[in-house]
């Protein structure tokens, strides 16, 4: 199967429905996509099955951010940047 060029129904941009993607969609008995990857990602992030985000204030820097889990009282919570920085420090320590 060669790659197929399709037009996104949302943003109207042309995108490639690659041979590899076609195989995956066929194996899973799915219809071909109507949206490009960017629009599919946006739709998934705002859909009814999207994970709930909780607003937090970072215990390290004080920045406002959101996290995909319910913070527990008495446990520190970090913004994405502080979490990544802390994670890399722990890995190389």
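Kindly give the semi-axes, whole Å and largest first, of the ellipsoid equivalent to the chain, taking each as the square root of 5 times a Cα gyration tensor eigenvalue.
Numbers: eigenvalues 299, 55, 34 Å².
Gyration-tensor ellipsoid for the chain: 39, 17, 13 Å.
Residue 86 to residue 17: extension gain in nm, 0.36 nm per residue of separation minus the Cα-Cα distance? Write out the running numbers ahead of the final one.
On the way: separation 69, 0.36 × 69 = 24.84 nm, distance 3.88 nm.
Between residue 86 and residue 17, full extension yields an extra 21.0 nm.
Which shape class, rounded, prolate or oblate, goes with region 32-71 when its Cα gyration tensor gives a ≥ b ≥ c as root eigenvalues, a/c under 1.5 marks rounded, and past that a/b bigger than b/c marks prolate?
Since a/c reaches 1.5 and a/b is larger than b/c, the shape of region 32-71 is classed as prolate.
Given a Förster distance of 41 Å, report the FRET efficiency between residue 60 and residue 1 from their Cβ-Cβ distance, rounded to the nearest 0.05. Please report the intermediate quantities before stating the final value.
Details: r = 50 Å, r/R0 = 1.22.
It comes out at approximately 0.25.
By how many degrees, 0 to 90 and rounded to 10, does the Cα axis of helix 37-46 deviate from the longest principal axis of the chain?
Rounded to the nearest ten degrees, it is 50.
Relative contact order for the chain: what percent, with Cα pairs under 8 Å and sequence separation of 6 or more?
Details: 95 pairs, mean separation 15.4, N = 93.
So the answer I get is 17 percent.
Taking a quarter of the surface of the convex hull around the Cα atoms of region 4-46, what do you get in nm²? Intermediate values should be presented prior to the final figure.
Details: hull surface 12.2 nm².
Seen from a random direction, the Cα hull of region 4-46 projects 3.0 nm² on average.
When the helix-only estimate is applied to the chain (DSSP H runs of n ≥ 4, each -39,500 (n - 2.57), divided by the residue count), what is the mean residue ellipticity at 222 nm, nearest 500 deg cm²/dmol?
It lands at -10500 deg cm²/dmol.
A short reminder: the numbers here are calculations on the coordinates, not readings from a lab. Keep in mind that what you see is a predicted model, and the values were worked out from it rather than measured. Glycine also receives a Cβ, built like all others from the backbone with ideal geometry; neighbour counts cover every protein chain displayed.
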